[in-house]
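Participant: Supplied in structure tokens, the structure appears directly below.
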Amino acid sequence: MAEWEVFGVIVALLSFVAAVVAPMLKLNTSITKLTVTMEAIISDSREQREKSREAHKNLWAGIEEVERHAADNKEKIGEHEHRIKRLEETA
């Protein structure tokens, strides 16, 4: 083999390596960014789920409080109606 043939083979090999390594590095960078982004999304999703659970607990507690007040009011209204009927009967 002549010197130029060896030089040509070396240049071809280096070109081949550069042609393969450059896209691999870009792909690796993209995969890393995607992994970091997915981890952030999963973390945000978990936080949102916990906040939603807490908000639902507060809503249900509020609903229970309203139901208690409604039951108390219903009882008071019943008592008032009973008193009004007695007053009407006596009048």
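Please treat every number below as a calculation from the coordinates, not as lab data. Quantities reported herein were computed from a predicted structural model and do not represent experimental measurements. Backbone-built Cβ (ideal geometry, glycine too); neighbour counts: all protein chains shown.
Participant: How high is the FRET efficiency from Val66 to Glu88, r the C-beta distance, R0 35 Å, rounded to 0.05?
Facilitator: Efficiency for this residue pair is about 0.65.
Participant: Can you list which of the trypsin sites (Lys or Arg not before Pro) found in the range 55-91 are DSSP loop residues with at most 10 other C-beta atoms within 10 Å?
Facilitator: Those that pass, being in a loop and sparsely packed, number zero.
Participant: Here's another thing I want to ask about it. Under the classification rounded if a/c is under 1.5, otherwise prolate if a/b is larger than b/c and oblate if not, where does the range 1-49 fall, given a ≥ b ≥ c as square roots of the Cα gyration tensor eigenvalues?
Facilitator: In terms of gyration-tensor shape, prolate.
Participant: Using a simple charge model, +1 on the beta-carbon of Lys and Arg, -1 on the beta-carbon of Asp and Glu, nothing else, what dipole does the chain show about its Cα centre, in debye to the nearest 20?
Facilitator: It works out to roughly 40 debye.
Participant: If you don't mind, there's one more thing I want to ask. Under a cut-off of 16 Å between alpha-carbon atoms, report the aspartates and glutamates in cross-link reach of Lys57, not counting same-chain residues fewer than 8 places apart.
Facilitator: Correct list for Lys57: Glu47, Glu65, Glu67.
Participant: Once you compute Rg and the Kirkwood Rh from C-alpha atoms, what is the Rg to Rh ratio for the chain?
Facilitator: Over the Cα atoms of the chain, Rg/Rh equals 1.84.
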